[in-house]
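The values are calculated or read from the model by the stated rules, or taken from the named source; none is laboratory data. Note that the coordinates shown come from a computational prediction; the quantities given were computed from them, not determined experimentally. Every residue, glycine as well, gets a Cβ built from its backbone with ideal geometry; the counts of neighbours run over all protein chains shown.
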Amino acid sequence: MATNRLKIIAISGSLRDGSTNHAILNFIKTLCPDTIEYVIYNRLRNIPPFDPGLDNDNPPDEVVDLRQLLTMAGAVLICTPEYAFGVPGSLKNALDWLVSSSTLVDKPVALITASSVGHNAHASLLLTLGALSANVVEGAALCIPYIRSKMDNDGNVTDKETEEHITACFNALLTSIS
């Protein structure tokens, strides 16, 4: 059965299923109204390394699938850690494949960087999203340092202020598409 609900694609910059970033995306799913289809994209690891020679009329199938999924989305939510003071390679690789496609041009995007520190990756991703002409929604860019101290072992957000910030970030994204 086809659905006409608005779709939000959520992407974790961590490949580890039990990561805090996946837990945050799962928490946000509980905030999502029934009128929105919320999809967590779990195939980042399948995207081949970016090769400008393959970025033509027939890019790799996994790249085509990602571009189509993002094109159909009303908004995108990225939640990522910071690795070695930078953007995780798999996430940056996926974004590199989007440069020539205009997939994110004017697309409402929320960015959450949740890591030990996170400021370097957050700043770098804001630059990359700017290069992609994505519409990073005002109030929907959030950096959460020391995330592991704000969650329990089951992936639940235990810090009330962090929960409020995540909720406000997601609500800003929802407001931008309503």
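Residues that are β-branched (Val, Ile, Thr) and in contact (Cβ under 8 Å) with a residue 24 or more places away in the chain were ranked within the range 122-174; the one that is nearest to Leu70 (Cα to Cα) is Val136.
Would the range 83-95 turn up any residue that is outside any loop (DSSP other than H, G, I, E, B), among the polar types (S, T, N, Q) and either buried (at least 17 other Cβ atoms within 10 Å of the Cβ) or out of contact with any strand residue (DSSP E or B) (no Cβ under 8 Å at 6 or more places or on another chain) (or both)? Yes; the residues of the range 83-95 include at least one that is outside any loop (DSSP other than H, G, I, E, B), among the polar types (S, T, N, Q) and either buried (at least 17 other Cβ atoms within 10 Å of the Cβ) or out of contact with any strand residue (DSSP E or B) (no Cβ under 8 Å at 6 or more places or on another chain) (or both). The set of residues from the range 119-159 being on the phi > 0 side of the Ramachandran plot and either at pLDDT 95 or above or among the hydroxyl-bearing types (Ser, Thr, Tyr) (or both) comprises Ser133, Gly139, Tyr146. Within the range 114-129, which residues are outside any helix (DSSP H, G or I), crowded, with 17+ Cβ neighbours inside 10 Å and out of contact with any helix residue (DSSP H, G or I) (no Cβ under 7 Å at 6 or more places or on another chain)? Selection gives Gly118 alone. Of everything in the range 56-113 that is touching a Lys or Arg at 6+ places or on another chain (Cβ under 9 Å) and of a type in the set (Ser, Thr, Tyr), the residue that is farthest from Ile147 (Cα to Cα) is Ser101.
Taken over the range 1-42, residues that are within 15 Å of Thr175 (Cα to Cα) and within 11 Å of the chain's Cα centre (by Cα) amount to 1.
When Leu111, Leu104, Leu77 are checked against the criterion of being in a loop (DSSP other than H, G, I, E, B) and crowded, with 22+ Cβ neighbours inside 10 Å, a single residue qualifies: Leu104.
All conditions but one from (1) within 13 Å of Val87 (Cβ to Cβ); (2) touching a strand residue (DSSP E or B) at 6+ places or on another chain (Cβ under 9 Å); (3) in contact (Cβ under 8 Å) with a residue 40 or more places away in the chain apply to His119; the one that does not is (3).
Just one of the numbered conditions (1) aliphatic (A, V, I, L, M); (2) over 23 Å from Phe170 (Cα atoms); (3) within 13 Å of the chain's Cα centre (by Cα) is not true of Leu54; which one? Single failed check for Leu54: (3). Candidates Thr30, Thr20: the one that is crowded, with 17+ Cβ neighbours inside 10 Å and among the polar types (S, T, N, Q) is Thr20.
Yes/no matrix, rows are residues, columns are (1) in contact with a strand residue (DSSP E or B) (Cβ under 6 Å, 6 or more places away or on another chain); (2) of a type in the set (A, V, I, L, M, F, W, C); (3) within 16 Å of Asn26 (Cα to Cα):
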{"position": "Thr128", "(1), (2), (3)": "no, no, no"}
{"position": "Glu138", "(1), (2), (3)": "no, no, no"}
{"position": "Cys143", "(1), (2), (3)": "yes, yes, no"}
{"position": "Ile147", "(1), (2), (3)": "yes, yes, yes"}
{"position": "Met151", "(1), (2), (3)": "yes, yes, yes"}
{"position": "Lys160", "(1), (2), (3)": "no, no, no"}
{"position": "Glu163", "(1), (2), (3)": "yes, no, yes"}
{"position": "Thr167", "(1), (2), (3)": "no, no, yes"}
{"position": "Asn171", "(1), (2), (3)": "no, no, yes"}
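Quick check: anything in the range 20-42 in a loop (DSSP other than H, G, I, E, B) and in contact with a Gly (Cβ under 7 Å, 6 or more places away or on another chain)? There is no residue in the range 20-42 that is in a loop (DSSP other than H, G, I, E, B) and in contact with a Gly (Cβ under 7 Å, 6 or more places away or on another chain).
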